[in-house]
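Quick notes on the structure that follows.
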Amino acid sequence: MDFNMKKLASDAGIFFTRAVQFTEEKFGQAEKTELDAHFENLLARADSTKNWTERILRQTEVLLQPNPSARVEEFLYEKLDRKVPSRVTNGELLAQYMAEAASELGPSTPYGKTLIKVSEAEKRLGAAERDFIHTASLSFLTPLRNFLEGDWKTISKERRLLQNRRLDLDACKARLKKAKAAEAKATTVPDFQETRPRNYILSASASALWNDEVDKAEQELRVAQTEFDRQAEVTRLLLEGISSTHVNHLRCLHEFVKSQTTYYAQCYRHMLDLQKQLGSSQGAIFPGTFVGTTEPASPPLSSTSPTTTAATMPVVPTGAALAPPEEAALCLEEVAPPASGTRKARVLYDYEAADSSELALLADELITVYSLPGMDPDWLIGERGNKKGKVPVTYLELLS
């Protein structure tokens, strides 16, 4: 019990000394040992890495799970070291509702058949989203979280210890400075009553006592300097390890981009297949209609992933499928352009003619286009020199 009380008193004294030193530094009444510029740069880079890692981690969690309640629930499960229950994605839930609606409204009706097709596509999209969330969590979120909960906590602990060692060192410097000043005063002014320390009432010589105090302060300063240097080296090694952390996070970022590319490529392929299915079915129900957007759209970027082998151009029905019977039988070479109504158009994407009635296109070339009475609005007649043929509107940008 006596030993514990002594240790408690010693710890309280050290804490009080550090508090006094810290307060005096804040008010500019005490000198502070400054770290070298390289060490300060390491500290700043570590703080910046920690702050941006936290922001990226939080925003990625929002991207993968926009529902804040679900994120809180998953966080609690992780803290309790319990398995997070499987959650139905929004796409899978939409697919379930569409399938139930088709079953109730009639799966043999055109609307019911379309609901079934869309529900199957949404189900595949939901499954792709689930795989993406799982892959991104393992390859990207987990390493970032491990850094914040592991490496950064170690760095923070050593930095706090270095701060305490610095306060001890500066307190020893201040104590030595005061002892030397008192020793010099006792030597120059040999007044026993004025120079006698309060803690040494029975001293025979104030100068000798201050000499002993100076020796003791110098010894404490050497010990404090050794401990500070040792702790500074340990902290420096940890801070320099941030470079390897950046390399690890870079690799994880590449994995995240790869998984995201695979996910969006799968979504594009599923929707492209669905668009083709709906185009064929709608063509049977509503002959002469065009399924899809009439606004020009940029083609998706190509990818080296095997999941991106699908076509990268907008889906456009062939001219034979769209043209009414009387237009299909029309010989385009015999058609004369109208006296007014011709326009210039720039080709957005390459287009390969499906038959002899269509005109093959090259990206960025300029052609003359016009429409004929009774012609499908999604197609125009295009002329390039002495060549003429039908061209899809979605591949053109009308200029004048």
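Read-outs throughout are calculated quantities, based only on the coordinates presented, and are distinct from any laboratory measurement. Remember, it's a predicted structure, so these values are computed and weren't measured experimentally. Methodologically, a virtual Cβ is constructed for each residue, glycine included, from the backbone with ideal geometry; neighbour enumeration extends over all protein chains shown.
Brief remarks on what is shown
- Pairwise FRET efficiency - Thr60 versus Thr154, Cβ, R0 = 22 Å, nearest 0.05: 0.40
- Stretched out straight at 0.36 nm per residue, the stretch from Arg145 to Thr342 would grow longer than its current Cα-Cα span by 64.7 nm.
- Alpha carbon centroid spacing (whole Å) that separates the range 48-77 from the range 91-118: 35
- Using the Cβ-Cβ distance between Asp81 and Asn248 with R0 set to 30 Å, the FRET efficiency from 1/(1 + (r/R0)^6) comes to roughly 0.75.
- For the range 342-399, the C-alpha radius of gyration sits at 0.98 times the compact-globule guess of 2.2 N^0.38 Å, with N the residue count.
- Neighbourhood net charge (14 Å Cβ-Cβ; Lys/Arg +1, Asp/Glu -1) for Leu125: -1
- Spin-label model, Ala363/Leu35: points 7 Å from Cα along the beta carbon direction are separated by 5.1 nm.
- Applying a threshold of 22 Å to the alpha-carbon distances of Lys113/Lys276; Lys32/Lys177; Lys344/Lys390; Lys32/Lys180; Lys50/Lys173 flags Lys50/Lys173 as lying beyond it.
- Stretching the chain fully between Asp131 and Lys185 yields a gain of 11.6 nm (0.36 nm per residue, less the alpha carbon separation).
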